Amino acid sequence: KEDGRGTIRAFDRPMAERVQARKSMKLDLEAALARNELRLVFQPLLDLGSDRIVGAEALLRWRHPVRGEVSPAEFIPLAEDTGLIVPIGEWVLSEACRHAASWPVDLTVAVNLSPAQIRDEILPLRVLAAALKAGVSPSRLEIEITESVLLHDSDRNLAILHALRTAGVRIALDDFGTGYSSLSYLRRFPFDKLKLDRCFVGDIGVSRPSEAIIRAAGEMGRALAMTTTAEGVETAEQLAWLRANGWSQAQGYHIGRPLEAPAVGALFRNLDATGARRAALRHPTM
Ligand code: C2E
Ligand code: MG
Ligand code: MG
Ligand code: MG
């Protein structure tokens, strides 16, 4: 009996601590927006056809006053559970557009949206309002979603995605290859872009089966008239392989790490029309 109680307590305490930690993190996240602890960083996107930087993906960062930098892998799920992702996502949209407004007009900005945001019927209006308020054409905006968006309420969510697309916003299927039924989703919505998850790219030169899968995914994307983007490109070898196999875009540490907004702004404004955009990125002078 005594042992039993002790055992239960041993299990109870860490559980209670975890619940408590989540609660306090939730309260902290609620305050994070007002306290200016959230910011966006921007990871450049390379077009392999022209060898030019064509835009960047906005990635959310949270600098907690005590914990320091908290990974989005940790706080985005928390924000999704608590519903905080809606106001935070709204902030991300307007902030991404505000920064993009200071870039050359041919550069695009990609924003990640959570399923909870897609369920919001006025999302298309929110997105357009954010773009118009910043003076950015909706055609410079790209929305990245994962297939989990189409898992529930899918008819409703598809209608919302169609409305966005009609307004000129491009829709990308993110983390392709990591979900449960990617292929059926490709049949149900005309995505503009397919972003292959970085777990495949990391296998280039290492695993023949992975290479075969990347080739097939690229061919499928091209056949469906999608831009094919490979994520997590970390080496020159991976980049050369993707280029040789017809991939249209690449993103990853080898091309450029996510940059703070002032750095990406300075970099983009210094890319001249004729000069080597990629060279500028590899050897940043600012
Ligand atoms: P994601 O949209 O697939 O973003 C790509 C992630 O891969 C980013 O992680 C990026 O920093 C990382 N990455 C890029 N290149 C490389 C590389 O060469 N090697 C490796 N190892 N990693 C690379 P991050 O910034 O930690 O974001 C993680 C995820 O959090 C994102 O995955 C996205 O799903 C989510 N997220 C980030 N910002 C937002 C946001 O504003 N809203 C929503 N809803 N989700 C976001
Ligand atoms: Mg993404
Ligand atoms: Mg991804
Ligand atoms: Mg992801």
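Read-outs: derived from the displayed coordinates by stated rules, not from any lab. What you are looking at is a predicted structure, and each value in this text was computed from that prediction instead of being measured. Here Cβ is always computed from backbone atoms with ideal geometry, including for glycine, and neighbour counts include all displayed protein chains.
Report the relative contact order of region 143-221, percent, no decimals, based on alpha-carbon pairs under 8 angstrom and at least 6 residues apart.
Here the relative contact order equals 27 percent.
Please build a GNM for the chain, connecting alpha carbons under 10 Å apart, and tell me which residue among Ala58, Ala236, Ala250 fluctuates the most.
It is Ala236.
Using modelled amide H (1.01 Å from N, peptide plane; none on Pro or chain starts), what sits under 5 Å from the amide H of Ile171, excluding residues fewer than 5 places away?
Under 5 Å from the amide H of Ile171 lie the amide H atoms of Ile143, Asp192, Lys193, each far enough along the sequence or on another chain.
Report the residue, chosen from Val66, Val264, Val109, that carries the largest GNM mean-square fluctuation when the chain is represented by alpha-carbon nodes joined by springs under 10 Å.
Fluctuation is largest for Val66.
If I model a spin label as a point 7 Å beyond the Cα along the Cα-Cβ vector, how far apart are those points for Glu219 and Asp155 in nm?
A separation of 3.6 nm, rounded to one decimal place.
Given only helices, namely DSSP H runs of n ≥ 4 each adding -39500 (n - 2.57), what is the per-residue ellipticity at 222 nm of the chain, to the nearest 500 deg cm²/dmol?
After summing the helix terms and dividing by residue count, I get -15000 deg cm²/dmol.
As an exercise, use a Förster radius of 22 Å and the Cβ-Cβ distance of Asp81 and His162 to find the FRET efficiency, rounded to the nearest 0.05.
Rounded to the nearest 0.05, the efficiency is 0.20.
Given a Förster distance of 51 angstrom, what is the FRET efficiency for Lys23 paired with Tyr253, based on the Cβ-Cβ distance and rounded to 0.05?
Between Lys23 and Tyr253 the formula returns 0.90.
Take the alpha-carbon centre of region 11-75, take the same for region 172-205, and report the distance between them in whole Å.
Cα centroid to Cα centroid, the span is 23 Å.
Could you rank the peptides 72-85, 217-230 by their average count of other C-beta atoms within 10 Å per residue, with the highest value first?
My ranking of the peptides, most packed first, is 217-230, 72-85.
Name the most mobile residue of Leu239, Leu45, Leu33, meaning the one with the largest mean-square fluctuation, in a Gaussian network model of the chain with Cα contacts below 10 Å.
So, out of Leu239, Leu45, Leu33, the one fluctuating most is Leu33.
Given points 7 Å out from each Cα along the Cα-Cβ axis, report the Glu234 to Ser148 separation in nanometres with one decimal.
Distance between the two pseudo-spin positions: 2.3 nm.
Take every DSSP beta bridge with both residues inside region 13-137 and express the antiparallel ones as a percent of the total, to the nearest 5.
Roughly 75 percent of the beta bridges in region 13-137 run antiparallel, per DSSP.
If the chain between Glu74 and Ser137 were fully stretched, how many nm would it gain, using 0.36 nm times the residue separation less the Cα-Cα distance?
Separation in residues times 0.36 nm, less the Cα-Cα distance, equals 19.5 nm.
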